[in-house]
Amino acid sequence: MKKLLSLAALALLAACEPSAPPPDAYHPSKIDLKSPPAKVTAERHSGAFAEGSALSMGAELKKLDPSPVKTVRLDTTHKVIEIAPGVKFSAWTFGDQVPGPTVRARVGDRIKFVMTNRSDEPAPMPQVVAAPMMHSMDFHAAMVSPQDKYRSIAPGQTIEFEFTANYPGVFMYHCGTPMILEHIASGMYGAVIVEPRGGYPTKADREYIVIQSEFYAKPTKQKVDGAPLYVLDGERLRAAQPTHTVFNGRHNGMVTSPLAARPGERVRMFVLNVGPSKTSSFHVVGTIFDRVWIEGNPDNQLRGMQTVLLGSSNSAIVEYLIPEEGSYIMVDHHFANASQGAIGLVSTEAKPPAKDLEHHNMPASATPTDPDAVAGKLAFESKCLACHSVGGGRKLGPDIAGVTKRRDAAWLTRWLKEPEKMLQTDAAAKAMLKEYNNIPMPNQSLSDAEIKQYLKYFEWIDKQPAGAVKAQGGH
Amino acid sequence: MRAAVTVAGLLLSLQAFACGYCVEDKIAATYDHAVITRALASGHHVVFFHVDGAPVSRAVLEQAASGRGIEKGSARISPDMLTLSVAFDPRRISLVELNAALDRKLAKHKASLLALRVMERPADLAAVKR
């Protein structure tokens, strides 16, 4: 009897003991830090600028390549890219595109990386690309000695190194050569997605990557296809005053080419804010993030989020349902950033993007070349398309096509400057208010310089052949 | 012996500098592709130095980086990264002689130069043999 009581007491004690903690996925015994010294040679690669089955070139992500070894080549180049209609920017790249291709791997995978500095290769327009210079690669997904693996290499040199992906996440990569700020702001960045060893805990119907970044561009007297060449504006860069804040390298790029999804589908979006100097408050209008995995690691889970705040080089995976037919607007909810181009659409009306389409090589629509008109176009597309179209007919307000033929510059200037005063004193303004259901034009607090830019854009529109310029917003 | 230890310590510290201060980053600060292309085409070499000792101005380094065997207009200076590079004609002056000559000019400013890498052919940043 005494024995029985003792056993019962032992059993009770055992039941009261806390259960053993789950095994630590990041225990040092599971972390692979083996990485042979980097090799630098004078062997110049002359094939494709980006190679590897783990690479995705655009927003739509390829499925994980099951191979445990990922061989990745990302060569550096200097080229001119179009960051906004008519804004041809002298960029520095990984894999000849901005952002660089996305690398996709899984925890435990070995990444074998090779990069040739090809910034000295002849470009189609040698006079407008930056002079060759040293570059390097800094993978935030790696745990290695920066002095060995991330060393800068000269034009014509090749560096090779390898590492194991130990933590799941969405990690930035970038050039780490001084001045790092200039190298990142010139386009040298991209993402590495590392999936958990056992995959994600949910099943998604669509997977996209969205990389937010800033450009600091100023026009020069040099021309590219008749348009001014834009170069890095060092003063704005150091003051953290971008001219463009964009998703996937292009102002309003995913408005003109929305990402596809169907009602009821679950979208998994890998979001990385590259910066280099601004935060992002990422939001998708009309949805709630069912899950947010901060830094792209499901161990860092939040539920039911409206936005996710990302500092420079922060990331998250957000998952949400598409509730019904419509266009769901991705924005940086710091609206000053959104107004500079950090806008995109996930739309049930969109066709899936063409595979591996290099976004900045997409054919451009007719666009002005005068810097004032370009600035006016960008401002108009950011602030005015909700109520006005260009060549698409009337919306809440008049169609802008033909406006400079209907009104003179002085009238338009006064209208843009003080619409509320015009509505009290000007007969034409009063008639227009009545015609448009008494919805007044809001005062946008535009400066004289901004009004001049709008007018330059409107004048440019009206000089184009009828129907050649079209712009319509969706929100 | 003490000098050897000092040199070894300096080399170690150069390797261990934080982001932006490893040897290649210092070289990147004064790397000028046009200077290098022109120099190598003429059979000249380009050497990259770490500027050691007391802080010296750009003007002092500019003034020092001239003389026998140094290619005119080839000096590139980064005061922030403490780096100086010059192209020189190895037929007129050896790297050791060049280093010593520049050190003599900088001695009164309590500064000296440590050769980090030399470029004798394209895409080859060779370590300097001591």
Can you name the number of the only condition in (1) within 14 Å of chain A (Cβ to nearest Cβ); (2) without any contact (Cβ under 8 Å) to a residue 12 or more places away in the chain that B:Lys72 fails? (1)
Looking at the stretch A:209-232, which of its residues are touching a helix residue (DSSP H, G or I) at 6+ places or on another chain (Cβ under 9 Å) and either of a type in the set (Asp, Glu) or in a strand (DSSP E or B) (or both)? A:Val210, A:Gln212, A:Ser213, A:Glu214, A:Phe215, A:Ala217, A:Lys218, A:Pro219, A:Ala227, A:Pro228, A:Tyr230, A:Leu232
Hey, A:Ser186 of a type in the set (Gly, Ala, Ser) and surrounded by 21 or more Cβ atoms within 10 Å (Cβ to Cβ) or not: yes
Name every residue in the stretch A:221-240 that is surrounded by fewer than 18 Cβ atoms within 10 Å (Cβ to Cβ) and either over 26 Å from A:Gln127 (Cα atoms) or modelled with pLDDT of 95 or more (or both), in order of residue number. A:Gly234, A:Glu235, A:Arg236, A:Arg238, A:Ala239, A:Ala240
Would you mind finding the one in A:Gly176, A:Gly108, A:Gly100 that is part of a loop (DSSP other than H, G, I, E, B), over 24 Å from the mean Cα position of the chain (by Cα) and of a type in the set (Gly, Ala, Ser)? A:Gly108
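Has the stretch A:180-199 got at least one residue that is assigned to a strand (DSSP E or B), within 29 Å of A:Lys377 (Cβ to Cβ) and modelled with pLDDT of 95 or more?
The initial filter retains those residues of the stretch A:180-199 that are assigned to a strand (DSSP E or B), namely A:189-195.
Add one more test, that the residue is within 29 Å of A:Lys377 (Cβ to Cβ), and what stays is A:189-190.
With modelled with pLDDT of 95 or more added as a condition, the list becomes A:189-190.
Looking through the stretch A:180-199, at least one residue is assigned to a strand (DSSP E or B), within 29 Å of A:Lys377 (Cβ to Cβ) and modelled with pLDDT of 95 or more.
Hey, among the residues in the stretch A:35-49 that are part of a loop (DSSP other than H, G, I, E, B) and aliphatic (A, V, I, L, M), which one's nearest to the other protein chains (Cβ to nearest Cβ)? Walk me through how you get there before you give the answer.
Here is the first cut: in the stretch A:35-49, the residues part of a loop (DSSP other than H, G, I, E, B) are A:35-38, A:42-49.
Going one step further and asking which of them are aliphatic (A, V, I, L, M), we end up with A:38, A:42, A:48.
On the way: A:Ala38: 11, A:Ala42: 4, A:Ala48: 20 Å.
Looking at residues that are part of a loop (DSSP other than H, G, I, E, B) and aliphatic (A, V, I, L, M), I get A:Ala42.
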Is there any pair with a first residue in the stretch A:255-278 that is within 27 Å of A:His174 (Cα to Cα) and a second that is crowded, with 23+ Cβ neighbours inside 10 Å and among the charged types (D, E, K, R) whose Cβ atoms are under 7 Å apart and which are 6 or more apart or on different chains, and what are they? A:Gly275/A:Glu214; A:Pro276/A:Glu214; A:Ser277/A:Glu214; A:Lys278/A:Glu214
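Within the stretch B:20-31, which residues are facing chain A (nearest Cβ under 8 Å) and either assigned to a helix (DSSP H, G or I) or closer than 20 Å to B:Gly69 by Cα (or both)? First the steps, then the outcome.
The initial filter retains those residues of the stretch B:20-31 that are facing chain A (nearest Cβ under 8 Å), namely B:20, B:22-25, B:27-29, B:31.
Across the stretch B:20-31, the qualifying residues are B:Val23, B:Glu24, B:Asp25, B:Ile27, B:Ala28, B:Ala29, B:Tyr31.
Residue check: is A:Val144 β-branched (Val, Ile, Thr), part of a loop (DSSP other than H, G, I, E, B) and touching a Ser or Thr at 6+ places or on another chain (Cβ under 6 Å)?
Working: β-branched (Val, Ile, Thr): yes; part of a loop (DSSP other than H, G, I, E, B): yes; touching a Ser or Thr at 6+ places or on another chain (Cβ under 6 Å): yes.
Taking the combined requirement at face value, the residue satisfies it.
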Among the listed residues A:Ala105, A:Ala123, which satisfies the condition of being among the aliphatic types (A, V, I, L, M) and surrounded by fewer than 24 Cβ atoms within 10 Å (Cβ to Cβ)? A:Ala123
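Filter the stretch A:149-174 for residues that are in contact with a Ser or Thr (Cβ under 9 Å, 6 or more places away or on another chain) and of a type in the set (S, T, N, Q); which is farthest from B:Leu40 (Cα to Cα)? Steps first, please.
Looking only at the stretch A:149-174, we keep the residues that are in contact with a Ser or Thr (Cβ under 9 Å, 6 or more places away or on another chain), and these are A:149-153, A:155-164, A:169-172, A:174.
The next check asks that each one be of a type in the set (S, T, N, Q); those that pass are A:152, A:157-158, A:164.
Details: A:Ser152: 20, A:Gln157: 16, A:Thr158: 19, A:Thr164: 39 Å.
Ranking the candidates gives A:Thr164 first.
Quick one: which of A:Pro155, A:Pro99 is away from chain B (no Cβ under 12 Å) and in contact (Cβ under 8 Å) with a residue 24 or more places away in the chain?
Working: A:Pro155 fails: away from chain B (no Cβ under 12 Å).
After ruling out the rest, the residue left standing is A:Pro99.
Based on what the data block shows, is A:Glu325 under 27 Å from A:Cys175 (Cα atoms) and in contact with a Ser or Thr (Cβ under 9 Å, 6 or more places away or on another chain)? Don't jump to the end; show me each part of the working.
On the way: under 27 Å from A:Cys175 (Cα atoms): no; in contact with a Ser or Thr (Cβ under 9 Å, 6 or more places away or on another chain): yes.
No: the conditions fail for A:Glu325.
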Filtering the stretch B:95-128 down to residues that are part of a loop (DSSP other than H, G, I, E, B) and touching a strand residue (DSSP E or B) at 6+ places or on another chain (Cβ under 9 Å) yields B:His109, B:Lys110, B:Ala123, B:Val128
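Counting only residues that are within 14 Å of another protein chain (Cβ to nearest Cβ) and surrounded by fewer than 18 Cβ atoms within 10 Å (Cβ to Cβ), which one in the stretch B:80-125 is modelled with the lowest pLDDT?
From the stretch B:80-125, those within 14 Å of another protein chain (Cβ to nearest Cβ) are B:80-83, B:85, B:116-125; that's our starting set.
With surrounded by fewer than 18 Cβ atoms within 10 Å (Cβ to Cβ) added as a condition, the list becomes B:80, B:120-122, B:124.
On the way: B:Asp80: 87, B:Glu120: 96, B:Arg121: 95, B:Pro122: 94, B:Asp124: 94.
The selected residue is B:Asp80.
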What's the total number of residues in the stretch A:153-185 that are within 17 Å of A:Leu232 (Cα to Cα) and β-branched (Val, Ile, Thr)? 3
In the stretch A:284-304, how many residues are without any contact (Cβ under 8 Å) to a residue 24 or more places away in the chain and not in a strand (DSSP E or B)? 1
Of all residues in the stretch B:32-64, which are more than 14 Å from chain A (Cβ to nearest Cβ), assigned to a helix (DSSP H, G or I) and buried (at least 23 other Cβ atoms within 10 Å of the Cβ)? B:Leu61, B:Ala64
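The values are calculated or read from the model by the stated rules, or taken from the named source; none is laboratory data. No experiment lies behind these values; they were computed from the predicted model shown. Glycine gets a Cβ as well: all are built from the backbone with ideal geometry, and neighbour counts include every protein chain shown.
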